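Let me begin by presenting the structure, written as structure tokens, before commenting on it.
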Amino acid sequence: MNKPFNTRYILPKLLLPLLLCTASMAGAQQFGGNPPSIKWKQVNIPAARVIFPAGMDSTGVEVANIIRQMNGLVKATIGNKQRQVSIVLQNQTTIANGYVGLAPFRSEFYLTPDQNSLELGSLPWPQQLAIHEFRHVQQYNNFNVGLSRVLRVLFGEGGQALGNDLSVPNWFFEGDAVYNETHVSEQGRGRIPFFFNEYRALWAGDKNYSFMKLRNGSYRDYVPDHYPLGYMLVAYGRQKYGDDIWRSITHDAAAFSGGFYPFQRAVKKYTGEDFKTYRNEALDHFKKEFNDDVNKTATKHFDADREYPAYVHDSTLIYMKSTYNHIPAFFIKTGDKERRISTRSSSLDSYFAYNNGKVVYASYRPDARWGYRDYSELMLLDINTGQEHRITRKTKYFSPAFNADGSKIITVQVGPTGKSELHILNTDGKGAVNVIPNPDKLFYTYPKFYGNDEVISAVRNTEGKMSLALIAVKTGQARYLLPFTYKPIGFTAIKGDTVYFTGISGNNERLFALFINTNKFYELLPTGNNDGVGSYQPALGSHKLAWVGFSATGYKINEADNKNLKWIDANYASPLPNMGITALAKDSSADMLATVVDKALPVTSYSKAHGLFNFHSLIPNISDPNYSFAISGENVLNTFQSELSFDYNTNEHYKQFSFDAIYGALFPYIDAGVDYTLDRRQFFRGNYVYWNETKLHGGLEVPLSFSAGKHSTGLTFGSDFYYNRISFQPSTFVKTTDRSITYLNNYIAFSNQTQQARQDIYPQLAQSISLNYKSTVTGGSATQLLATGTFYFPGLFTSHSFVINVAHQQKGKDNVVGFSNDFPFSKGYSAESLDEMNKVGFNYHFPIAYPDAGFGNIVYLMRLRGNLFFDYTRATADKFFADGSNFKQNFRSAGGGLFFDTKWFNQNSISFGVRYSRLLDDDIFGGTGRNRIELVLPVTFF
């Protein structure tokens, strides 16, 4: 970041209170996500406690051994501090991912590998996760210094997360981890051209975006994420200044040495170059390595991703199309005419296969209850009618493909143990599944039928090397058509006796063709009309070949007549490129993965009760009308959350001290807590009544997900039993005795929404409905019903939203106690809790501009959007005034808001706005005048 003129001492004072609310907490975890039937085991070493489901001992030991060796060899390049981390291996999900986070300090590995080996590499997935994610552990352990350490002392792990977010950019976290995975293995993303495609496309397309835009993204242009940017900057530093350069820079940055812009100051200190010069040199190094020359597109902004073309015949293609203002859908194109077939169901990727009027693809579906368990189910789409139906249920299928006559489907099954299998099933999903044996323990990707008795697939062996295999359906015996190498292979397609696929040639990814019968092997060079970087997803027509290339405005489909293709003899045994980073081969930790000692480590049981009360952070939170500080705790398995808190409510002006806990490992959740509240109040017969409360509560909650296909649907219901002791304050005018009551708090919440495009402010169609009913059991009669609903509809133009809010609150007559008020009153008014309130609100949300501009690497404005509204609330109350008369009043308001979708310090997203409300009725419980201007902050900062 460049230093602003004289704001060095002012801006931190202004921004720190705000940014205390934006620390990056780990948000990937699922509370209570695993069923209680899972028994957990552990391998405990000084650097890590590896926790895994019973039956996965070999994987747990493998991960622990890699971490043990990596911690000994490569920690000097980031620092020598060590604090044990808990790593949980999750094997029930279909998502390929992993993370390390603070608050609480832990890591999770999601163990199902991705099908696309060109994207993440082909190393055995637990190994890849270990060498990448444990680098993050080393980063956090060594970034607990200076001001970051002070923040940790004050706010716990969340405080360190804040300090590290403000001082060390996220591009370094990921770029350093990608460098590590590349350095300690023979592969890694730093050696795979696919990883650099996004920047190569920008350079080839003359898209000279500012650094702030590259860091923060855009709603209208394609901008790469921070992973490749981080790798290029980190790798260039290691290449030019040595292996310890980033240890020095990040130590000073995390400590905030030198004050504001600590990372940029540290780069200047240790390299002698200002950060702008350094980053330009680093990017220029890689730009020269690739030197791409492809057709420039005239499209100014992102157009669309058109992926996985499939020929109906030579003049007609089917493909998946995704834009920023519409959700992904299947399209068919003949000549220049493009027609939408059907919206795609929720999926983890865009892959599909086509045959004879039918499309098959894998759709993502979460489990009804357990958040770490989800499925990949096959969907069959009729392109003539646009109708689709699910042909498998609760499966983990990937990359399906038809046989020649469309009666069978071959697909990859990945089980909880990580075992990969090929399954053959009928197109209608009925009948027995034929499971092909896997004697060589291969991992299959993109299988295709080769006749009726054989299958061709890109395969990975147990070392992570890849080849093409011809597999016998009956025996599973494989004949390897290429030598095994660390060069990834993907996107197979077959025509006749020729298999086409994408592989690596130098610094590029090209199409290759292998003649199965003669074993002749060719590389297909780009044709004159090649649009985009790389050649992927080949499709074969009668006389044509189609493929996609990546451009600055999206994936583009290229076509060529077979007679115009350029074929040259190929050899696939050449090594992976290093992109000019020779430092990858230096020092004792280079290719460490190949030398990991398979040490027999003890495996023991892991108690689910271990570390239940794991308080990690002091968290300030604003969720108007509640303002609170909470000491939060969460155990490693994320089955028990606990919290000590202080809360101030601006509606009723009370102060509340609380302890709450919830246990989520069973079905349903079990929750309990205690609250002590001071100075609660309610308006009664013209005056306020004040009292204190002591509450004990416990209850059950059932969270369910019915998401499937094109909709995300959730249902939560439960009931809590409360004991409430009320002590009236002596100053109150009401002469009454203290009392104790018990009551039930019953609730149900339902939500349903369609998928949401990137530019959509809200889903085009969605519903959110909640009911809450409180009723006393002992201590007198009191009830309160609150019903709310929010309904989302498309607006007049693309990305606009029309939203209707309705609410009804009804109290029982002569209630002996008042319940808390959560009624969404008309905007602009001061609210009170009255006997009966009804509201309807109309909101229209619309984008105004996408500035893609910022200031000083501090704040960046991605989108400016507007809101027009009208609210109408009708409220009544019996015997409201001192003379016993009733109250009836309308509360209407209209106005608009201007909202800013921003990022702070190039990574923390905050949306806020300014709202003007014109009160059309008197604000009886508030101030004078009809005009209100309010600052609208996020509902919750964490």
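The values are calculated or read from the model by the stated rules, or taken from the named source; none is laboratory data. Worth saying up front: this structure is predicted, and the values here are computed from it rather than measured. No Cβ is skipped: glycine too gets one built from the backbone with ideal geometry, and neighbour counts run over all protein chains shown.
Among the residues of region 498-513, is there at least one that is in a loop (DSSP other than H, G, I, E, B), at positive phi and crowded, with 18+ Cβ neighbours inside 10 Å? No, region 498-513 contains no residue that is in a loop (DSSP other than H, G, I, E, B), at positive phi and crowded, with 18+ Cβ neighbours inside 10 Å.
Residues that are modelled with pLDDT of 95 or more and over 20 Å from TYR351 (Cβ atoms) within region 420-433 comprise just one, ASN426.
Table: residues versus (1) among the acidic types (Asp, Glu); (2) outside the structural domain of ASN857 (by TED's automatic domain parsing); (3) under 30 Å from ARG191 (Cα atoms); (4) touching a Gly at 6+ places or on another chain (Cβ under 7 Å).
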{"residue": "TYR278", "(1), (2), (3), (4)": "no, yes, yes, no"}
{"residue": "ASP284", "(1), (2), (3), (4)": "yes, yes, yes, no"}
{"residue": "LYS288", "(1), (2), (3), (4)": "no, yes, yes, no"}
{"residue": "MET320", "(1), (2), (3), (4)": "no, yes, yes, no"}
{"residue": "HIS326", "(1), (2), (3), (4)": "no, yes, no, no"}
{"residue": "ARG340", "(1), (2), (3), (4)": "no, yes, no, no"}
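In the set ASN197, ASN216, only one residue is farther than 30 Å from GLN69 by Cβ, in contact with a Lys or Arg (Cβ under 8 Å, 6 or more places away or on another chain), crowded, with 24+ Cβ neighbours inside 10 Å and at pLDDT 95 or above; that residue is ASN216.
Scanning region 222-276 for residues that are polar (S, T, N, Q) and at pLDDT 95 or above, we see that the one that is farthest from THR77 (Cα to Cα) is GLN264.
Checked against (1) touching a Ser or Thr at 6+ places or on another chain (Cβ under 7 Å); (2) buried (at least 22 other Cβ atoms within 10 Å of the Cβ); (3) not acidic (Asp, Glu), TYR231 passes all but a single condition, namely (1). Within region 769-784, the set of residues being surrounded by fewer than 17 Cβ atoms within 10 Å (Cβ to Cβ) and within 38 Å of the chain's Cα centre (by Cα) comprises ILE769, LEU771, TYR773.
Would a scan of region 127-139 turn up a residue that is at positive phi, outside the structural domain of SER346 (by TED's automatic domain parsing) and touching a residue at least 24 places away in the same chain (Cβ under 8 Å)? Looking through region 127-139, none of the residues is at positive phi, outside the structural domain of SER346 (by TED's automatic domain parsing) and touching a residue at least 24 places away in the same chain (Cβ under 8 Å). The residue that is surrounded by the fewest Cβ atoms within 10 Å (Cβ to Cβ), counting only those in region 642-691 that are of a type in the set (Phe, Trp, Tyr) and over 29 Å from ALA831 (Cα atoms), is PHE667. Of the strands (runs of 3 or more DSSP E) that lie entirely inside region 408-479, those containing 1 or more residues that are within 21 Å of LYS358 (Cα to Cα) and either among the polar types (S, T, N, Q) or assigned by TED's automatic domain parsing to the domain that holds LEU380 (or both) span 408-414, 420-426, 443-450, 454-460. When TYR792 is tested against the conditions (1) surrounded by fewer than 19 Cβ atoms within 10 Å (Cβ to Cβ); (2) under 31 Å from the mean Cα position of the chain (by Cα); (3) of a type in the set (Ser, Thr, Tyr), the lone failure is (1). When you look at GLY190, is it small (Gly, Ala, Ser), part of a helix (DSSP H, G or I), buried (at least 21 other Cβ atoms within 10 Å of the Cβ) and at pLDDT below 95, yes or no? Against the criterion (small (Gly, Ala, Ser), part of a helix (DSSP H, G or I), buried (at least 21 other Cβ atoms within 10 Å of the Cβ) and at pLDDT below 95), GLY190 does not qualify.
Quick check on my filter: what residues within region 875-892 are in a strand (DSSP E or B) and at positive phi? It would help to see each step written out before you state the result.
The initial filter retains those residues of region 875-892 that are in a strand (DSSP E or B), namely 875-877, 887-892.
The answer is none; no residue qualifies.
The single condition among (1) within 24 Å of ARG135 (Cβ to Cβ); (2) surrounded by 19 or more Cβ atoms within 10 Å (Cβ to Cβ); (3) touching a residue at least 60 places away in the same chain (Cβ under 8 Å) that ASP243 does not meet is (2). From the list LEU89, LEU147, LEU154, LEU111, the lone residue that is crowded, with 24+ Cβ neighbours inside 10 Å and either of a type in the set (A, V, I, L, M) or within 30 Å of SER505 (Cα to Cα) (or both) is LEU111. Take THR334 and decide whether it is among the polar types (S, T, N, Q) and in contact (Cβ under 8 Å) with a residue 24 or more places away in the chain. For THR334, the condition - among the polar types (S, T, N, Q) and in contact (Cβ under 8 Å) with a residue 24 or more places away in the chain - is not met. Here ASP176, ASP165 are screened, and the one residue that is farther than 24 Å from SER505 by Cα, buried (at least 24 other Cβ atoms within 10 Å of the Cβ) and of a type in the set (Asp, Glu) is ASP176.
Might you check whether a residue that is in contact with a strand residue (DSSP E or B) (Cβ under 9 Å, 6 or more places away or on another chain) and under 30 Å from VAL312 (Cβ atoms) occurs anywhere in region 566-575?
Looking only at region 566-575, we keep the residues that are in contact with a strand residue (DSSP E or B) (Cβ under 9 Å, 6 or more places away or on another chain), and these are 566-575.
Filter once more, so that each one left must be under 30 Å from VAL312 (Cβ atoms): 566-567.
Yes, region 566-575 contains at least one residue that is in contact with a strand residue (DSSP E or B) (Cβ under 9 Å, 6 or more places away or on another chain) and under 30 Å from VAL312 (Cβ atoms).
Just so you know, in region 30-55 the residues that are surrounded by 21 or more Cβ atoms within 10 Å (Cβ to Cβ) and not in a strand (DSSP E or B) include one that is modelled with the highest pLDDT, and it is ALA47. Considering MET837, MET862, the condition of being hydrophobic (A, V, I, L, M, F, W, C), buried (at least 19 other Cβ atoms within 10 Å of the Cβ) and free of Cβ contacts under 8 Å to residues at least 40 places away in the same chain is satisfied by MET837 alone.
Looking at region 76-87, can you tell me whether even one residue there is free of Cβ contacts under 8 Å to residues at least 40 places away in the same chain, outside any helix (DSSP H, G or I) and over 17 Å from HIS610 (Cα atoms)? Quick ask: steps written out before the conclusion?
From region 76-87, those free of Cβ contacts under 8 Å to residues at least 40 places away in the same chain are 84; that's our starting set.
When the remaining residues are screened for being outside any helix (DSSP H, G or I), the result is 84.
So of that shortlist, the ones also over 17 Å from HIS610 (Cα atoms) come out as none.
Within region 76-87, not a single residue is free of Cβ contacts under 8 Å to residues at least 40 places away in the same chain, outside any helix (DSSP H, G or I) and over 17 Å from HIS610 (Cα atoms).
At least 1 residues being surrounded by fewer than 18 Cβ atoms within 10 Å (Cβ to Cβ) and acidic (Asp, Glu) is the threshold, and among the strands (runs of 3 or more DSSP E) wholly inside region 539-610 those reaching it are 554-561, 566-569.
Among the residues of region 382-396, are any under 24 Å from THR417 (Cβ atoms) and either outside the structural domain of ILE409 (by TED's automatic domain parsing) or assigned to a strand (DSSP E or B) (or both)? Yes, region 382-396 contains at least one residue that is under 24 Å from THR417 (Cβ atoms) and either outside the structural domain of ILE409 (by TED's automatic domain parsing) or assigned to a strand (DSSP E or B) (or both).
The listed residues are ARG106, ARG83, and the only one of them that is crowded, with 21+ Cβ neighbours inside 10 Å, basic (Lys, Arg) and within 20 Å of GLN138 (Cβ to Cβ) turns out to be ARG106. Please go through (1) hydrophobic (A, V, I, L, M, F, W, C); (2) touching a helix residue (DSSP H, G or I) at 6+ places or on another chain (Cβ under 6 Å); (3) at pLDDT below 95 for ALA204 and return the number of the only condition it doesn't satisfy. Checking ALA204 against (1) hydrophobic (A, V, I, L, M, F, W, C); (2) touching a helix residue (DSSP H, G or I) at 6+ places or on another chain (Cβ under 6 Å); (3) at pLDDT below 95, the one that fails is (2).
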